[in-house]
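Notes follow the structure.
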Amino acid sequence: MKKNSALFPFVLSNFAMTADGKIAFARGNYTPFSSARDRRHMLELRATADAVMTGARTAEPAGVRLGTGPAKYRRARLARGLNECHLRVIVSGAGSVDPRADVFKHRVSPIIILTSARAPRKKLEALRAVADEVKVFGKNEIAFPAALRWLRRKWNVRRLVCEGGGELHDALLRSGLVHELHLTICPVIFGGRLAPTIADGHGFPRLSRASQFRLALFKRFGNEIFTIWRRRA
């Protein structure tokens with residue numbers, strides 16, 4: 001799906017993936033498994049972006065702040081002409097984000113929640129009490145083209161990093177909104193047919209409709225493979 005670049009942010013996604021294609025264990029509990037070098041790359045990417053976007057389950061674990069990191073990354077942002085800290089965007093079609101999550105206790109930058117009309121009113125009220133803005137797009141599912149246009153127009157988000165999970169990333173892919181994928185392949189296998197991947201959710205019905213990317217970079221760092229993929233025109 002072709003998008004007018006003047007209306008939408010440039011979206012890049014960033015994932016660490018096991019050798020068998022998983023991003024977390026089957027029960028959904030996330031345990032960091034990539035190297036310190038990969039985690040530095042995550043902060044380096046955040047330092048280039050106006051906003052970081054995640055799904056509710058990715059944002060909720062204890063200790064997660066979705067922040068900019070040490071002072072050197074804030075200095076890098078300022079040197080690029082960006083705000084010192086990026087916006088934090090949390091996505092949940094049902095409004096099921098836990099308002100008690102740690103991310104809401106650290107007011108380092110605005111938190112925006114994107115949801116749909118199926119989110120119950122009481123949940124929206126609870127989230128409005130802890131987030132800077134809660135915005136509804138779509139009836140049963142979030143209308144991501146409209147949501148990203150709004151982020152560009154209202155919050156001046158020109159570059160956005162998606163950090164998962166798989167259902168959010170799948171929705172962005174199906175909407176034709178992902179321009180670039182940073183993927184680190186790690187030397188570990190989780191297994192499990194229910195373990196999440198980088199693109200869960202509805203998926204594509206056939207090959208002709210699938211997202212098409214080209215390999216732009218391939219490097220080995222220790223026992224990890226680092227790759228960058230860019231969407232085909």
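Cross-link pairs exceeding 27 Å between alpha carbons, from the set LYS22/LYS154; LYS22/LYS105; LYS122/LYS154; LYS22/LYS123; LYS105/LYS135; LYS22/LYS139: LYS22/LYS154; LYS22/LYS105; LYS22/LYS123; LYS22/LYS139. With the helix formula -39500 (n - 2.57) applied to DSSP H stretches of n ≥ 4, the chain reaches a computed 222 nm mean residue ellipticity of -6500 deg cm²/dmol.
Of the beta bridges DSSP finds with both residues in the chain, what % are antiparallel, to the nearest 5?
35 percent
Residues of the range 154-177 with backbone nitrogen within less than 15 Å of a virtual label 7 Å along the Cα-to-Cβ line of ALA117, please, listed as ranges. What the label zone holds, given the 15 Å backbone N cut-off, is no residue at all.
Under a 5 Å amide H cut-off, with hydrogens placed 1.01 Å from N, VAL130 pairs with nothing among residues at least 5 apart or on other chains.
Taking a ≥ b ≥ c as the square roots of the eigenvalues of the alpha carbon gyration tensor, the chain is rounded, as a/c is under 1.5.
Taken one residue at a time, the phi angles of the range 57-67 give Karplus couplings (6.51, -1.76, 1.60, θ = phi - 60°) of 5, 6, 8, 7, x, 4, x, 6, 10, 6, x Hz. Gly and Pro are set to x. Of all the options ASP50, ASP98, ASP170, the one that moves most in a Gaussian network model of the chain with Cα springs shorter than 10 angstrom is ASP98. Database remark: amide H of PHE10 closer than 5 angstrom to the amide H of ARG159, LEU160 (H placed geometrically; neighbours at sequence offset of 5 or more, or on other chains; Pro and chain starts carry no H).
Highest mean first, the peptides 51-62, 199-210, 142-153 sorted by other C-beta atoms within 10 Å per residue fall in the order 51-62, 142-153, 199-210. FRET efficiency for the pair ARG193 and LEU78, taken as 1/(1 + (r/R0)^6) with r the Cβ-Cβ distance and R0 = 35 Å, rounds to 0.15.
No value in this document is a laboratory result; all are computed from the given coordinates. The structure displayed is predicted, hence computed values, not measured ones. Glycine gets a Cβ as well: all are built from the backbone with ideal geometry, and neighbour counts include every protein chain shown.
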